[in-house]
1. Starting from the Cα coordinates of the chain, work out the convex hull volume and express it per residue in Å³.
2. What is the list of residues in segment 339-362 whose amide nitrogen lies under 12 Å from a point 7 angstrom out from the Cα of residue 327, following Cα to Cβ?
3. Can you give the FRET efficiency to the nearest 0.05 for residue 298 and residue 126, using r as the Cβ-Cβ distance and R₀ = 45 Å?
4. Taking the mean number of other Cβ atoms within 10 Å as a proxy for protection, how do you rank 41-48, 272-279, 62-69 from highest to lowest?
5. Which value in nm describes the separation of the simple spin-label points at residue 339 and residue 48, placed 7 Å from the Cα toward the beta carbon?
6. What number comes out for the charge environment of residue 139, summing +1 per Lys or Arg and -1 per Asp or Glu over other residues with Cβ under 15 Å away?
7. Rounding to the nearest 20 debye, state how big the charge dipole of segment 5-65 is about its Cα centre with +1 on each Lys and Arg Cβ and -1 on each Asp and Glu Cβ.
8. What Kirkwood hydrodynamic radius, in Å, does segment 5-65 give when the mean of 1/r is taken over all pairs of distinct Cα atoms and then inverted?
Amino acid sequence: MKDQYITDITRIPFFQTLKEGEQELLKQVVTRFPFKATKHYLSLIDWNNPYDPLKRIIFPDPRELDLSGCYDPSREEQYTVQHGLQHKYKETALLLLSDECSGICRFCFRKRLFMDCPRQTVKDYSLTLEYVRDHPEITDVLLTGGDPLILSTSRLAAVIHEIREIDHINVIRIGTKTLAYNPYRISEDETLINLIKSACTPHKKVYIMAHFNHPAELSKETLKAIYMLQQAGAIIVNQTPIIDGVNADPKVLTNLFNSLSAIGVSPYYVFQCRPTIGNHIFTVPVEQSYQILQSAYKDCSGLAKRARFIMSHSTGKIEVIGQNSHNIFMRYHQAADPDNYHKVFIAQTNPEARWFDDYKPFTPGTNPIREWLFEGDPASSPGAVII
């Protein structure tokens, strides 16, 4: 493809302008959390702007050396049923095809894949697909990683065609940031477009789970690649965390949502940035994120404000649904334990909370959630809990 990958931060002209001490700090950062970018993405950055949002997404920051957080905040390991295969929610299987991306987001929640650790992705997918065949409750397969689109089209085709032969799989999803990082991977590969065409039928579709964090990522080449995928029959939706210094601003999110909906890309999820190791500088408190999102929606059409605000917690996708002066209200949008689907959480507000666990005491080996079965007053839902 036309674009090239850069993994040596010392090749970046901006890096070469920094003082020696600043350079040494950044070298320490990338020794722990690697750097990778494409020429295309680097060309979109205004290097004269110290607050450029795309620079913040891709270029390391010395504050990443604050190692608060954990390697796997959503506890994906406990839902790994085979090497490279996760089955957390009944209907969805998650297949990690790659431990590489076109670029490495500084706030990545799976940065453990890029660090010195045992390989967690799968090369031989035959056993994983056998598991999918044996579980008819699975109707949706998400190809992820890393980024599946960094693989050759022939390898992708082999996986996708085999999945399409499983009768109970209705939806194939491809999680990718390639549209932002390296749109040439799509626009210059006719075989990839033909693969998407062949995998989309009148009854079953391929979904592209795009990852645009800021409207500046919607370059001319990116718009071309999006249109080509749509013409091939793919449905493209977008998900983004709220990231301090990138999109933690109602006007930026409004612009992003309106721009995406104008080109037929539905906003799908807005995530609370996960407390992964090194991510603290990118997070904002949960309640601040919620208020930013609500303010952004004020200037969005109905089509542009369909995204749900989600925390991808170890127990499920927890949606923030409301807040008043004293309480914050949450519910399970998806739950690892099906018995939790009906539950609503009511907690006292905590302006410092940056994750669900910050709203309650947590003792390993105990259940921190105390059920409150409402009967009439103060609420009518039999499935509410108070924390």
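1. Details: hull volume 59.2 nm³, N = 387.
In the chain, the Cα hull volume divided by residue count equals 153 Å³.
2. Residues 344-349 fall inside that zone.
3. Numbers: r = 50 Å, r/R0 = 1.12.
About 0.35, to the nearest 0.05.
4. Those peptides, ordered most packed to least, come out 272-279, 41-48, 62-69.
5. 6.3
6. +1
7. On the way: 9 positive and 8 negative charges, 36 e Å.
In total the dipole reaches around 180 debye.
8. 11.8
Each reported figure results from applying straightforward, stated rules to the coordinates on display, with no laboratory input. Owing to the predicted nature of the structure, the values given are computational and were not obtained by experimental measurement. A quick note on method: Cβ atoms are made from the backbone with ideal geometry, for glycine too, and the neighbour counts reach across all protein chains shown.
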